[in-house]
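Structure record follows, encoded as structure tokens.
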Amino acid sequence: MSGDLPLNINIKEPRWDQSTFVGRANHFFTVTDPRNILLTNEQLENARKIVHDYRHGVIPPGLTENELWKAKYIYDSAFHPDTGEKMILIGRMSAQVPMNMTITGCMMTFYRTTPAVVFWQWINQSFNAVVNYTNRSGDAPLTVKELGTAYVSATTGAVATALGLNALTKHVSPLIGRFVPFAAVAAANCINIPLMRQRELKVGIPVTDENGVRLGDSTNAAKQAITQVVISRILMAAPGMAIPPFIMNTLEKKAFLKRFPWMSAPIQVTLVGFCLVFATPLCCALFPQKSSMSVSSLEAELQASIQENHPELRRVYFNKGL
């Protein structure tokens, strides 16, 4: 049964033009909307039904285009794109802001003692492991060994960086010491993401033409994709870990925090959260999800294959990941 809504709306792709930064930003503001984690199972299942029915040509009477897109983004926020399974709650993109603001705020509040550094860096990397596992590729799932290696390596790297820098900053301005957690997070991202995606670096990721026709697998494309994701993740953390230290350094000299020192953590978490609400979607939007590269930048063997079968092709496309 069909309503007035046409059946040719492409809900496999984002609603906004992904060739522009503004279009990508609109898409990721919707994807990372924290309100989606408050949705009930009934609402999630209803969104899944609307999306599945529409894909099979069934449209509920009175369904509008805006309601269809809302259902599509609710569905995408909770169900894995490859397997269709409901994702772990804290691993969903909609949980990024509330989870990261809490963990980052605490990392930046409790950074002075070794036990606190170890604990919060461990919590942060445990959360990252859950996110990476939840958003794994359905075509090439992470093995337990790969997940464990990335988790241990990233946690060790983050803790070592934080403790090493803490030792170096004991005799400098307290303000400089507040930036130690950011350095640790940046170092962990440089370790964690390549390790989590090590299989892609070994065997490559699928590259296609602009119509989605698969042309082969490329490790060079994987390197570009992972580099872009590392840059996005570090810049995503930067505002929330670079702006609050200046504010907190000033506030802690005021009478209010001297009288109520326990308010330091809630204030810091709130400041970080405000930054992340904007930084998360905007940094996700820095590079197109469907990234591209010149055929001449591919491996020689793949170049030869493409030039033989598609001599007119100049660029290939691939999913960079998040």
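The values are calculated or read from the model by the stated rules, or taken from the named source; none is laboratory data. It should be emphasised that the depicted structure is a prediction, and the values quoted were computed from it without experimental measurement. All Cβ positions, glycine included, derive from the backbone under ideal geometry; neighbour counts span all protein chains shown. Remember, those area values only see protein heavy atoms, side chains included, never the ligands or the DNA or RNA. Shrake-Rupley method; radii C 1.70, N 1.55, O 1.52, S 1.80 Å.
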Under-5 Å amide H pairs with G216, H placed in peptide plane, nonlocal only: V207
What ³J(HN,Hα) values, in whole Hz, does the Karplus curve 6.51 cos²θ - 1.76 cosθ + 1.60 give for region 143-157 when θ = phi - 60°, with x put for Gly and Pro? 7, 4, 5, 5, 5, x, 4, 5, 5, 5, 5, 5, 5, 4, x
Largest first and to the nearest Å, give the Cα extent of region 66-189 along each principal axis. 57, 37, 18
Placing one identical point scatterer on every Cα of region 180-262 and ignoring solvent, what is log10 I(q)/I(0) from the Debye formula at q = 0.26, 0.27 Å⁻¹? -1.13, -1.17
Using +1 at the C-beta of Lys and Arg and -1 at the C-beta of Asp and Glu, which of H310, P281, S291 has the Cα lying farthest in the positive direction of the dipole of region 270-322? P281
Computed lengthening from E65 to E252, 0.36 nm per intervening residue step minus Cα-Cα distance: 62.3 nm
Which value, to two decimals, describes the C-alpha radius of gyration of region 242-322 once divided by 2.2 N^0.38 Å? 2.08
Just to confirm, what accessible area per residue do you get for the chain at 1.4 Å probe, in whole Å²? 51
Helix axis angle, 180-196 relative to the chain longest principal axis, alpha carbon, degrees: 30
In degrees, nearest ten, helix 96-109 long axis to first principal axis of the chain (Cα): 20
Which entries of K12/K86; K12/K49; K86/K202; K12/K202; K145/K320; K72/K290 have Cα-Cα distances beyond 27 Å here? K86/K202; K12/K202
Percent carbon-and-sulfur accessible area, the chain, ignoring ligands, DNA and RNA, probe 1.4 Å: 62
A correct Karplus calculation of ³J(HN,Hα) over region 225-232, with 6.51 cos²θ - 1.76 cosθ + 1.60, θ = phi - 60°, whole Hz and x for Gly and Pro, returns 4, 5, 4, 5, 5, 4, 4, 4
About its Cα centre, how strong a charge dipole does region 73-224 have in debye, to the nearest 20, once Lys and Arg get +1 and Asp and Glu get -1 at the Cβ? 640
Other-chain or far-sequence residues with amide H under 5 Å of R315's (modelled H): V295
The chain - mean residue ellipticity at 222 nm from DSSP helices (-39,500 (n - 2.57) per run, n ≥ 4, rounded to 500): -20000 deg cm²/dmol
Under 26 Å from the Cα of K253, which lysines turn up, not counting those fewer than eight places away in the same chain? K170
Relative packing of 250-261, 41-52, which averages over residues the other C-beta atoms within 10 Å, highest first: 41-52, 250-261
Rg in Å to one decimal, and Dmax rounded to a whole Å, for the chain via C-alpha atoms: 22.1, 74
Please compute the length gained on full extension between E210 and S296, using 0.36 nm multiplied by the number of residues separating them and subtracting their Cα-Cα distance. 29.3 nm
Over all alpha-carbon pairs of region 1-110, lay out the pair-distance distribution in 10 Å bins, whole %, shortest bin first. 13, 39, 32, 11, 3, 1
On a 0 to 90 degree scale, rounded to 10, what angle separates helix 114-134 from the longest Cα axis of the chain? 10
I want to check the label-to-label distance for V152 and V203. Put each point 7 Å from Cα in the C-beta direction and report it in nm to one decimal. 2.3
Normalised alpha carbon radius of gyration of region 1-50 [divisor 2.2 N^0.38 Å]: 1.43
Report, in whole Å, the centroid distance computed from the Cα atoms of region 254-322 and region 182-244. 8
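For the chain, with only Lys/Arg (+1) and Asp/Glu (-1) charged at the beta-carbon, what is the dipole magnitude about the Cα centre, in debye rounded to 20?
Values: 30 positive and 23 negative charges, 300 e Å.
It comes to approximately 1440 debye.
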